[in-house]
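Comments concern the structure below.
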Amino acid sequence: MCNLRPSPQAPCPQTGEPLKHINLQQLHEKRISIHKGKGRRWLTLFNIAYVKGDSKASSIADLDETPFADYHTLAMHEELLSPYVVFLRIHKSYIVNIYHVIGYIEDKRRLFALLINNIKVPLSKNKQSLLVKHMNMFVPPQYQKTISLPVRHISLPV
């Protein structure tokens with residue numbers, strides 16, 4: 001099993017409480033149900049790239065950035081995903097799966113978290129340091145020797 005948290009003593013950057021061990025198998029096995037038309041769709045936690053919230057509903061995007069509308073609020077999703085420390089609220093309207101974040105960029109004075117498959121998600125300036133702390137905690141062990149800085153800032157030409 002690949003633990004997503006390299007240090008068992010690492011506290012949660014948000015609360016300071018000790019984090020639970022989460023492994024990739026748990027993220028691949030645990031699924032959530034999303035209403036889709038008159039039916040349902042199940043997504044594994046690992047395949048969730050981000051959750052975007054609007055006032056009374058939300059949408060969940062998978063790694064292909066296919067959004068699935070859901071009738072739950074972002075706060076409800078945050079509560080549902082809170083036991084899984086790889087999900088982090090980085091903006092008033094977004095929760096991301098830290099495992100898929102590869103960095104952050106600044107574009108026209110706005111910050112964005114950069115996810116795999118070139119997905120850009122808004123990043124609040126006051127959540128930037130929290131994102132970096134989480135990224136530094138969640139480097140999978142097989143990459144710890146090859147990556148010196150798991151999160152880097154990339155400036156785009158204006």
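Every read-out reported here was derived from the displayed coordinates using simple, explicitly stated rules and does not represent laboratory data. These figures come from a predicted structure and were not determined experimentally. In this analysis, Cβ positions are derived from the backbone assuming ideal geometry, glycine residues included, and neighbour counts consider all displayed protein chains.
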- Message: Residue pairs, Cβ under 6 Å, 6 or more apart or interchain, first in the stretch 41-63 and closer than 11 Å to residue 73 by Cβ, second among the hydrophobic types (A, V, I, L, M, F, W, C). List them.
- Response: 51/60; 51/95; 53/74; 58/51; 58/74
- Total residues in the stretch 75-96, condition free of Cβ contacts under 8 Å to residues at least 40 places away in the same chain, surrounded by fewer than 21 Cβ atoms within 10 Å (Cβ to Cβ) and either among the acidic types (Asp, Glu) or touching an Asp or Glu at 6+ places or on another chain (Cβ under 8 Å) (or both): 2
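Rundown of residues vs (1) within 16 Å of residue 27 (Cβ to Cβ); (2) in contact with a strand residue (DSSP E or B) (Cβ under 9 Å, 6 or more places away or on another chain); (3) assigned to a helix (DSSP H, G or I), yes/no style:
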{"residue": "69", "(1), (2), (3)": "no, yes, no"}
{"residue": "83", "(1), (2), (3)": "yes, no, no"}
{"residue": "99", "(1), (2), (3)": "yes, no, yes"}
{"residue": "106", "(1), (2), (3)": "no, yes, no"}
{"residue": "126", "(1), (2), (3)": "no, no, yes"}
{"residue": "130", "(1), (2), (3)": "no, yes, yes"}
{"residue": "134", "(1), (2), (3)": "yes, yes, yes"}
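Which of the residues that make up the stretch 114-128 are touching a residue at least 24 places away in the same chain (Cβ under 8 Å) and not charged (D, E, K, R)?
Answer for the stretch 114-128, where residues must be touching a residue at least 24 places away in the same chain (Cβ under 8 Å) and not charged (D, E, K, R): 114, 115, 116, 117, 119, 121, 122, 123, 124, 128.
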- Counting only residues that are of a type outside the set (S, T, N, Q), farther than 21 Å from residue 64 by Cβ and surrounded by fewer than 16 Cβ atoms within 10 Å (Cβ to Cβ), how many does the stretch 107-129 have? 5
